[in-house]
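Down below is the structure, laid out as structure tokens.
The values are calculated or read from the model by the stated rules, or taken from the named source; none is laboratory data. None of these values were measured; they are calculated from a predicted model. For neighbour counting, all protein chains shown are included, and Cβ atoms are generated from backbone atoms with ideal geometry for every residue, glycine included. For the accessible areas, the whole protein counts, side chains as well, though only heavy atoms, and no ligand, DNA or RNA atoms are used. Shrake-Rupley method; radii C 1.70, N 1.55, O 1.52, S 1.80 Å.
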Amino acid sequence: MRRGEHPSGAVVGGILAPHPPHLVYASNPPQNEPRSSGAGAWQELLAGYQRLRASLEARVYDVLVVHTPHWKTRTGTHFLGVPHFSGLSVDPIFPNLFRFQYELDVDVALSQSIHDHARDAGLSCQMMTNPEFRVDYGTLTSCHLVRPAGDLPVVAISSVRTAFDYCNEAGDQEMLALGRATRAAVEASGKSALCLASCSLSHRHYTTEPADPEDPAFESIHNENQAAWDRHILALMESGQSRRVFDEMPDFTDQCVAETRDGSLSWLLAAMDFPEVAGQVHGYGTVIGTGNAVVEWDLSR
Amino acid sequence: MSGQVLSGYLVPNQPLPLLAPDANRGWASLRDSCARVRAEIEASEADLLLLFSTRWVSIIGHQIQADPQPEWWVVDEDFHSYGSLHYKLRMDADFAAQYLDKAQARGLHARTVAYRGFPIDVGTITALRLLNPDNRIPACVVSCNMYSDRAETLVLGKAARDAVEASGRKAVVLGVSALSNRMFTRWIDPAHDRIHSQKDDEWNRKLLELLGDGRLEDVSQLAREFSHQANGDSKMKALWWMAAALGENNHYRGTVFDYQPVWGTGAALVGLQPAAASVGDLEYDEDGAEFFRGDRNVLAPNDPGRHE
Ligand SMILES: [Fe+2]
């Protein structure tokens, strides 16, 4: 089926697409100013993204819908609402690695529709219509690693701070509603959407960096507790138990200092309506001690 | 030549008093009170504004801004509808290098950053635009590490003092931070802004009463309890850093210039000038720290020397 021929819209797939800027840095795309040493860290994750891209080649989708932890909003969920952004993104945390010239097309109609569905479900929402806004590096990194061509429009959804302001359970319930609103809006749009949760799993960082940030000798998971939780969550994903991942999410987030606290994975599971198909783990690896997995759910079959 | 930390100020970290002072009387009041602080700073001999901003979060140790003339713009993640903040600032790159040296000498992992287009945080931009609008005094800003706790933050503050003294600068230190940091999680009519809860308001006022008495070290000691009870901003690291940079004592004349709600959070402008006498040195619970020896990570494998 070609683009535009879908009888009705659908979430055709979901990706856990972590956003360490290190992976863009190591890939040396022309958009990124710093050049990597090629010393070899993060190979498992780079290979994982390569396998993901190969898997996606045969698939048809019209739009990427990404939920990003690095647009942190405290006044509800916000959506990009300008048709095109271009500019320079400098990561405030890793400016030595990520200074990225970007162009980004936004599917404003779908963005507005998800906003409206979410608002109708009672969520606090805002459209972001300031054309000078700098798109966050989570969105840019995940979208670039999933589809480097950058030839599809994007919907970018901010990370509301509910779990931080109240508790993990409250945050996940809000993501459940936001995921359902996303799914309803996609179905009403007639478009095929690939949804991206732009986040790590375990998220305890080392607070130092070696002279060459790409030195593979430096990389390891921060501690065994983090690794054990990551293995457990990935096993649930691989065995199609996405509902159980959601049910255990507050504990995972709490006990593993996971970046899932920002809501991206809970939102994704709800947007996919808790698939029972196995998630395919394309790669798992660490970046400055955090646990990251590239996982794909193919919902098109 | 020996430099000196002249004074310290706690300043708000939200951009609304700069972006939209006409939308709320309290926001306008904060802007106007900044003019009084600005006059006080201008009347001093200050040749450096040294900031610690809770809106610049770091993971890899402590980052120190060293671009001599950062020029870009920032749009707030929440308040984008109130417009963009274009900035052209003047930073003291030589001092940044000296701060880096002193931080490393005290065991901290730190680096300077100077990159075109680096996103200077909204707290820093707001503070500098309101307190130093013509860039008369060069500035330097250090990040707020998300993992650092009291000891590490105190060491970072002492390194700031070391650098000021070694550099010969006359520095005013600015802690850019909210007090209570619970925001309204929905869009509000700015005219109806208030502190999120009476409890947060009462805690803010208690803290301001102590600061008004010049009891900065007592407030530093109270910071954990305040954060716990009143949703303090970033564990109130800005106060730890300021207290350390100013000498870890209660010998100040405190002035509460203003206290207002900004979207539910507590925003205050407080000045602390060294004074001969103090209200009283109380018995402090928590000891200071002089040197940082790394995280004591009880869960990590026993592999010393790997990630220190
Ligand atoms: Fe992240």
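Across peptide B:180-187, how many C-beta atoms of other chains are within 10 Å of each residue C-beta, on average?
Numbers: counts 0, 2, 3, 4, 4, 11, 6, 5.
Mean number of neighbouring Cβ atoms from other chains: 4.
How shielded is B:268-279 by partner chains, expressed as the average number of their Cβ atoms within 10 Å of its Cβ atoms?
On the way: counts 0, 0, 0, 0, 0, 0, 0, 0, 0, 0, 0, 0.
So the per-residue partner count for this stretch is 0.
Tell me, what is the 1.4 Å probe accessible area of residue B:158, in Å² to the nearest 10?
The accessible area of residue B:158 comes to roughly 10 Å².
List the GluC sites (Glu not before Pro) in segment B:159-210 that DSSP assigns to loop (not H, G, I, E or B) and whose Cβ has at most 12 other Cβ atoms within 10 Å. Which are they? Write down the numbers at each step before the final one.
Working: sites: B:165, B:202, B:209; in loops: none.
Qualifying residues, ordered by number: none.
Report Rg (one decimal) and Dmax (nearest whole number) for chain B, counting Cα atoms only, units Å.
18.4, 57
What do you get for Rg/Rh over segment A:1-89 if you use C-alpha atoms and the Kirkwood form of Rh?
Working: Rg = 16.5 Å, Rh = 16.5 Å.
That ratio equals 1.00.
Could you name the aspartates and glutamates in cross-link range of residue B:158, using Cα to Cα under 13 Å and dropping any fewer than eight places away on the same chain?
Straight-distance partners of residue B:158: B:101, B:248, B:290.
Count the DSSP beta bridges whose two residues both fall in chain B, then state the antiparallel fraction as a percent rounded to the nearest 5.
Antiparallel bridges: around 45 percent, rounded to the nearest 5.
Roughly what % of DSSP beta bridges within chain A run antiparallel, to the nearest 5?
Working: 20 of 42 bridges.
Roughly 50 percent of the beta bridges in chain A run antiparallel, per DSSP.
Only loop residues by DSSP count here, and only those with at most 10 other Cβ atoms within 10 Å; note down the trypsin sites (Lys or Arg not before Pro) in segment A:1-91 that meet that. Walk me through the intermediate numbers first.
On the way: sites: A:2, A:3, A:35, A:51, A:53, A:59, A:72, A:74; in loops: A:2, A:3, A:35, A:59, A:74.
Loop-located and lightly packed - A:2, A:35.
What are the principal axis extents of the Cα atoms in segment A:211-301, in Å, biggest first?
Cα spread of segment A:211-301 along its principal axes, largest to smallest: 45, 28, 20 Å.
Taking square-rooted eigenvalues a ≥ b ≥ c of the alpha carbon gyration tensor, is segment A:10-298 rounded, prolate or oblate, where a/c under 1.5 means rounded and, failing that, a/b exceeding b/c means prolate? Walk me through the intermediate numbers first.
Details: a/c = 1.45, a/b = 1.18, b/c = 1.23.
Rounded.
Under a cut-off of 30 Å between alpha-carbon atoms, report the lysines in cross-link reach of residue B:199, not counting same-chain residues fewer than 8 places apart.
Qualifying lysines at Cα under 30 Å: A:72, B:235, B:237.
With Cβ to Cβ distances under 15 Å as the rule, what net charge do the other residues near residue A:195 carry (K, R +1; D, E -1)? Show your work: numbers first, answer last.
On the way: positive: A:59, A:147, A:180, A:183, A:191; negative: A:62, A:107, A:187, A:273, A:296, A:298.
Around residue A:195, the charge tally is -1.
Using mean Cβ contacts within 10 Å as the protection proxy, how do B:32-42, B:245-255, A:138-148 order, highest first?
Values: B:32-42: 16.7, B:245-255: 20.5, A:138-148: 25.1.
Those peptides, ordered most packed to least, come out A:138-148, B:245-255, B:32-42.
Partner chain Cβ atoms within 10 Å, averaged over the residues of A:89-102 - can you pull that number for me? Kindly include the intermediate steps, with their values, before the conclusion.
Values: counts 2, 7, 3, 12, 8, 3, 8, 5, 0, 1, 4, 0, 1, 0.
Per-residue shielding by partner chains comes out at 4.
Could you order the peptides B:225-234, B:58-67 from most to least packed, using the average number of other C-beta atoms within 10 Å per residue? Provide the component values of the computation, followed by the final result.
Numbers: B:225-234: 20.4, B:58-67: 23.4.
In decreasing order of mean packing, B:225-234, B:58-67 become B:58-67, B:225-234.
Which of the chymotrypsin sites (Phe, Trp or Tyr not before Pro) across segment B:97-148 are loop residues per DSSP, with 16 or fewer other Cβ within 10 Å?
On the way: sites: B:99, B:115, B:147; in loops: B:115, B:147.
Passing sites in segment B:97-148 are B:147.
If you plug each phi of segment B:93-105 into the Karplus form 6.51 cos²θ - 1.76 cosθ + 1.60 with θ = phi - 60°, what whole-Hz ³J(HN,Hα) values come out, in order, with x for Gly and Pro?
My calculation for segment B:93-105 gives 5, 5, 5, 4, 5, 6, 5, 4, 4, 5, 5, 5, 5 Hz in order.
Say we join alpha carbon atoms closer than 10 Å with springs in a Gaussian network model of chain A; which of A:207, A:286, A:75 then has the biggest fluctuation?
A:207
Using all Cα-Cα distances in the protein assembly as shown, what percent lands in each 10 angstrom bin from 0 up to the longest?
Pairs per bin, as whole percents: 3, 17, 27, 27, 17, 7, 2, 0, 0.
Which percent, to the nearest 5, of DSSP beta bridges fully inside the protein assembly as shown are antiparallel? Numbers along the way, then the final one.
Values: 39 of 85 bridges.
Of the beta bridges lying entirely in the protein assembly as shown, close to 45 percent run antiparallel.
Taking GluC sites (Glu not before Pro) that fall in a DSSP loop and have at most 12 other Cβ atoms within 10 Å as cut points, what is the longest piece of chain A between them?
In chain A, the maximal stretch lacking such sites is A:58-275.
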